[in-house]
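I have placed the structure first, in the form of structure tokens, so that the comments after it can refer back to it.
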Amino acid sequence: MNTGLRCFLLAGIFLFPLPCLQAASIWVEGEDAHSKNNRPHSWYDSVKKDVLSGGNWISHFSSSGEGLVGYQLDVPADGAYAFWLRANHVKAALSYRLDRGSWVPVAFKGNLRGSMNIASDNKPDLRFISWVKVGSLPLRKGRVVLEFRMHSESSHHGAIDCFCLTTEAWVPSGASKPGSGGSVKSRPADPKDAIWIEGEDADRRTTRPHSWYDSVKTDTLSGQKWLSHFNKEQPGFAEYRFEVLASDVFTFWLRANASAGARLSWSLDGSPYRLVEWKDGRGSMNIASDNKPDMRFISWFKVGKLNLKAGRHVITFRMDSPSHHHGAIDCFTFTRVPFVPSGANRPSVQSLAAGPGDWFPFVADDDPFPRDSVIDVSRLIEAPAGKHGFLKRDKDRLRFEKAVRPVKFWAIGSAPREMTVAQMKQAAKWYRKHGVNMVRQHTVIATTGLLDANGNFNKEKLDRYDRWFAAMKEEGIYSAWSVIYPHHGAFLQKHDGYDPAFFYELDRLNANRDGNRQPLAVSDFINLDRRLQDIALKYFRKLLQHRNPYTGLAYKDDPALAILEFQNESNAFFHSLSDMFLGRAPTFAKMMRGRFHAFVKEKYRTKEAVSRAWSKKWSPRDNWEGGELALQGAYHWGADGPLFEYRGQVQRTADYIEFYTRLQWEYYSRRQREVRELGFKGVTVTTAWHSGGPAASMANLFCDTAADMIDRHNYHGGGSGGHVITEGKVNNESHLGKPGRGLFNLALFQVEDRPFGVSEWTMMPPAPYKAEAAPLFAFYGMGLQGWDASYHFNCAQSRYGDGWPNLSKYASHTPHYMGQFPALAFAIHRNHLSEGEVVKSRQMSDKQLFAGKDVAGQARSAGTHDLKKLVGSPVTPTELIAIGRVAMGFSDQRPSPGPDLTPYWDQKRKILRSTTGELVWDYGNRIVEVRSSKTQGLIGFAEGKTIDLPGVELSLKTPFVSLIFTPLDDLELALSKQILITALARDKQTGSIYNADWSQLTQVGGPPLLLEPVQASIRLKGEPPLMVRPLDVYGSPKSTQVAVQADGSFAIDGTHRTFYYEIKR
């Protein structure tokens, strides 16, 4: 709508004239009409009622006449009430009237929020539901009558779930009510301080939209629309007039489409056009209606600062991208008050009072590192990295060569990407503040680029990485290198001189790459072919010998490079090598048939001996005389023995796994020697991958002992959409009811004389209970199990993200991970949790390794994408992981008997107690208690329960919590004078809609992130608090305090809008 000259009031849907300071709301369920003249229909009413506000709706579906329903409302106070309606909108005609006045049609078109298909059979017919802002109604205190008329062309259909009249600054989301959670309460900035303009409200435009480009999730846009241009003939232009009420310097923020080479320029008051630089985008999200990762993304950008004088101004945008001159603007703002954009949130200067249960928005800018930050634990990270010498393996621990005690790494995956040098330094300081002391670079060559034909890296890319490494080192943060990724990190180039026949075969297997022009991925064939291994070694040599000009050291001589991985997620035992058996890699297959024949002949000498060993069962593909024996694929290696055409051929399968074990061991042990010869002095890792078939699981683990340290990856949670968050199914399973499962099944893969790390893990959004993951990793993994390194995946940012960052399932820069890190890192670096006694020691002999089946019963071969699930029946109960340490050895020795587990495992009550006495896992009630003398806490489903910990008593109102108490003076909690509380529950994006049990996400929503507050009554043991203060996201105390009762107890809840508190006593 063009309004000519405008002064933009930032009210929108957030602010209405209030008759008094107390907000008023009237919520009415559709089915509670006091007068009804409607005819339901069984088909029309066949809907998912669990997503409806009251579990029902009122509907009409009849060809014989219209429907009419009425409601008597008691208005509590005079005021202008925002009128929100949740109703069926598809092909619907619905009107309303107040006190028998004129009928007013409800305008559904272009005005919908949270549209969702609620048909019980999921058919895309009429049965949808949406919120619509009907308008604003001036109401007087007293009783009024509101009526609705259903008069659609198709059987006069219509349905109402609920409606709300409110003077609150409230935005509907699903069935959430004002003040009940999920709402964003904010008071917009004064129009003299902030000017907000919707992209679609241009006063003049020369744009040509395109139906495909405009097929986006409009509910994520500020005004549910954007202004777009997509035309190959000519650029697009849009002009906006606005008025500035007070002269000042304003910050110019823009929310626009920056993808696929977009070019957008702007001109203020006729000045020359200036190009918008797409740097440091915030809240990038895929808004394509079909979720395809094309160009339909949206992000916020800080364009710069403008000195605007009071009066009228004109700003013009030009869209002239190389691809169809494409461009789109959602909104932009000029503000002189502090503002960090997140989603469609507008500038505000103060907040309305929040209720105890109100979910609150989480928005953070670059950390200013305030001196009064309570959460800053950087003092625990000694700087620079490397001051205690090179990292070494000390039996099953990690220790610096000049240090007395072992070290543990609380780490993240991160990389410089497109960061400036200033952002790299900001990132390093931010990581250190939160207790991170190592970053994993995955992969190194993804940052440095590939070697050219002369054997050199791109100078600019290598310089970028050098600066990143130096920035981390300066802040005491060590680096771990994942150099190559054979599956997806293409590095084989034609100039590498690889055998042409094999190169051609890999070229054919790389369906989306042209080996004549592009590098190829070598997949798991690297484990079979020495020539590929030697090509990869060139990267290790060049990198380790390179001198970083910003540290003055070659990487091989720099102790800040602590861990070196041979390859990411690749081994000889995975499914990809099944391509040889299936005929897709005949050149590699022929080579391997000959090598398998040579191995078998060496072992058995004669064909007759082989025939006896293999029970006279030969494959039709065997050609003994021709020097070839048929291959197997990983899918043949079943948990209980061979599968498919090799069923019953146990010894042949055992020999095949032994053959691959020899190949893998030879490669890994040689690589270990090679990197030592190149001068690397730190700790080595082979890979972090599992076997494709269960029968090879332990052989794969044995091969990993060729290096210094065992590493594994695991993921849990997530849902539909693969690696990105989309509408659909959600894995809402908590770990707390299944000890040792989910992320923690990898504890069964610890080896008794090797350090153990997990270099990739996360509990992925939109899983609702992900706040449990990091504390369980810290307390049970790094603590009880004695793990040596934990790297959360993934960050590559210098601040918190917006909403669910980039809709990625892999994000460290969120409250549930980085937000809990100060408390968890403090406990780890100060050794608050003791390592447990070994409760299960297992030994695998060669006979068991090569048994042709999974003797241990603990293969991690099932799952989708990055999720790894145990298959088979573990010989070692997974519950033991919650009692004490579990380890595997490779020898013919008899394992030492563990302790009597009866005192630790109450199987009737479903309670597991650690041998240290510091942890209790009540898997019947899905609660974990952290009971060390220092760090204490509660993780789980404790609503309505009172929990008595050694230093604090808790009464919980929130369904699920992660509530951690950290004594920052490192005293026992009962004696501590300064305590940090970290309190998190569930999260969701603004506009996200889940079903009742959080197993379905019907609308993704967008930034900002909303956090459910932890509501708890707390009473410390020992001296009562002198002061309890809420902290902001950077750890600085807020101006308010939490009331402390006479008995020393106090309550935390949503009124404080935080997940951090400081206690002083």
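Table for the structure above
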| quantity | calculated |
| --- | --- |
| Filtered residues of the stretch 516-528 (kept if buried (at least 19 other Cβ atoms within 10 Å of the Cβ) and in contact with a helix residue (DSSP H, G or I) (Cβ under 7 Å, 6 or more places away or on another chain)) | L520, V522, S523, D524, F525, I526, N527, L528 |
| The stretch 95-105, residues that are within 13 Å of L146 (Cα to Cα) and of a type outside the set (D, E, K, R) | S95, Y96, L98, G101, S102, W103, V104 |
| Residues of the stretch 975-995 that turn out to be surrounded by fewer than 17 Cβ atoms within 10 Å (Cβ to Cβ) and under 15 Å from S932 (Cα atoms), as a count | 1 |
| Restricting the stretch 581-595 to residues that are farther than 19 Å from Q664 by Cβ and not charged (D, E, K, R), the residue that is surrounded by the most Cβ atoms within 10 Å (Cβ to Cβ) | T587 |
| Top-ranked residue of the stretch 596-642 - restricted to ones that are in contact (Cβ under 8 Å) with a residue 24 or more places away in the chain, of a type in the set (A, V, I, L, M) and under 27 Å from D529 (Cα atoms), ranked as surrounded by the fewest Cβ atoms within 10 Å (Cβ to Cβ) | A598 |
| Where A747 falls short, out of the listed (1) surrounded by fewer than 24 Cβ atoms within 10 Å (Cβ to Cβ); (2) under 30 Å from D394 (Cα atoms); (3) among the hydrophobic types (A, V, I, L, M, F, W, C) | (1) |
| Qualifying position, being at pLDDT below 95 and closer than 21 Å to T726 by Cα, among P805, P768, P815 | P805 |
| Residue within the stretch 46-64 that is hydrophobic (A, V, I, L, M, F, W, C), touching a helix residue (DSSP H, G or I) at 6+ places or on another chain (Cβ under 7 Å), in contact (Cβ under 8 Å) with a residue 40 or more places away in the chain and not in a loop (DSSP other than H, G, I, E, B) present | yes |
| Failed condition for A501, given (1) surrounded by fewer than 16 Cβ atoms within 10 Å (Cβ to Cβ); (2) not in a helix (DSSP H, G or I) | (2) |
| G717 being under 30 Å from P293 (Cβ atoms), touching a residue at least 12 places away in the same chain (Cβ under 8 Å) and either acidic (D, E) or crowded, with 24+ Cβ neighbours inside 10 Å (or both) | yes |
| Single residue of the stretch 988-1043 satisfying the filter (part of a loop (DSSP other than H, G, I, E, B) and of a type in the set (V, I, T)) that is nearest to the chain's Cα centre (by Cα) | V1004 |
| Some residue of the stretch 337-345 being of a type in the set (F, W, Y), surrounded by fewer than 24 Cβ atoms within 10 Å (Cβ to Cβ) and either farther than 24 Å from P188 by Cβ or under 31 Å from the mean Cα position of the chain (by Cα) (or both) | yes |
| Near pairs, Cβ below 6 angstrom, 6+ apart or cross-chain, from the stretch 827-856 (more than 17 Å from G783 (Cα to Cα)) to any residue that is surrounded by fewer than 22 Cβ atoms within 10 Å (Cβ to Cβ) and of a type in the set (D, E, K, R) | S845/D892; F850/E658; K853/D640 |
| Residue within the stretch 903-915 that is farther than 21 Å from F749 by Cβ, in a strand (DSSP E or B) and within 27 Å of the chain's Cα centre (by Cα) present | no |
| Residue selected from the stretch 588-631 under the condition among the charged types (D, E, K, R) and part of a loop (DSSP other than H, G, I, E, B), by the criterion nearest to E658 (Cα to Cα) | R605 |
| From G281, G327, residue being surrounded by 15 or more Cβ atoms within 10 Å (Cβ to Cβ), without any contact (Cβ under 8 Å) to a residue 40 or more places away in the chain and not assigned by TED's automatic domain parsing to the domain that holds S798 | G281 |
| Qualifying position, being touching an Asp or Glu at 6+ places or on another chain (Cβ under 6 Å) and either of a type in the set (G, A, S) or at pLDDT 95 or above (or both), among S999, S1036, S992, S1017 | S1036 |
| Strands (runs of 3 or more DSSP E) contained in the stretch 292-351 and holding at least 1 residues within 20 Å of E243 (Cβ to Cβ) and among the charged types (D, E, K, R) | 297-308, 311-319 |
| Check on S271, farther than 25 Å from P338 by Cα and either in the same structural domain as S321 (by TED's automatic domain parsing) or assigned to a strand (DSSP E or B) (or both) | yes |
| Sole residue being buried (at least 17 other Cβ atoms within 10 Å of the Cβ), within 41 Å of the chain's Cα centre (by Cα) and not polar (S, T, N, Q), chosen from F61, F83, F148 | F83 |
| Filter pass, W921 being more than 30 Å from L52 (Cβ to Cβ) and either under 31 Å from the mean Cα position of the chain (by Cα) or among the basic types (K, R) (or both) | yes |
| Single unsatisfied condition, R842 versus (1) closer than 25 Å to Y635 by Cβ; (2) more than 29 Å from the chain's Cα centre (by Cα); (3) modelled with pLDDT under 95 | (1) |
| R86 being outside the structural domain of L227 (by TED's automatic domain parsing), part of a strand (DSSP E or B) and closer than 28 Å to W226 by Cβ | yes |
| Residues located in the stretch 384-395, provided they are closer than 14 Å to L561 by Cα and in a loop (DSSP other than H, G, I, E, B) | P384, A385, G386, K387, H388, G389, F390 |
| Flag if A354 is of a type in the set (A, V, I, L, M), out of contact with any Asp or Glu (no Cβ under 7 Å at 6 or more places or on another chain) and either over 23 Å from D203 (Cα atoms) or not in a loop (DSSP other than H, G, I, E, B) (or both) | yes |
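Okay, residues lined up against (1) without any contact (Cβ under 8 Å) to a residue 24 or more places away in the chain; (2) small (G, A, S); (3) closer than 21 Å to A774 by Cα:
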| site | (1), (2), (3) |
| --- | --- |
| R926 | no, no, yes |
| V930 | no, no, yes |
| K934 | no, no, yes |
| A942 | yes, yes, yes |
| K945 | yes, no, no |
| E953 | no, no, no |
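Listed here are the residues, each with its yes/no results for (1) modelled with pLDDT under 95; (2) out of contact with any strand residue (DSSP E or B) (no Cβ under 8 Å at 6 or more places or on another chain); (3) farther than 24 Å from Y780 by Cα.
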{"position": "Q664", "(1), (2), (3)": "no, yes, yes"}
{"position": "A688", "(1), (2), (3)": "no, no, no"}
{"position": "G728", "(1), (2), (3)": "yes, no, yes"}
{"position": "G737", "(1), (2), (3)": "no, yes, no"}
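The values are calculated or read from the model by the stated rules, or taken from the named source; none is laboratory data. All values reported here derive from a predicted model rather than from experimental measurement. Cβ sites come from the backbone with ideal geometry, for glycine too, and all protein chains shown count toward neighbours.
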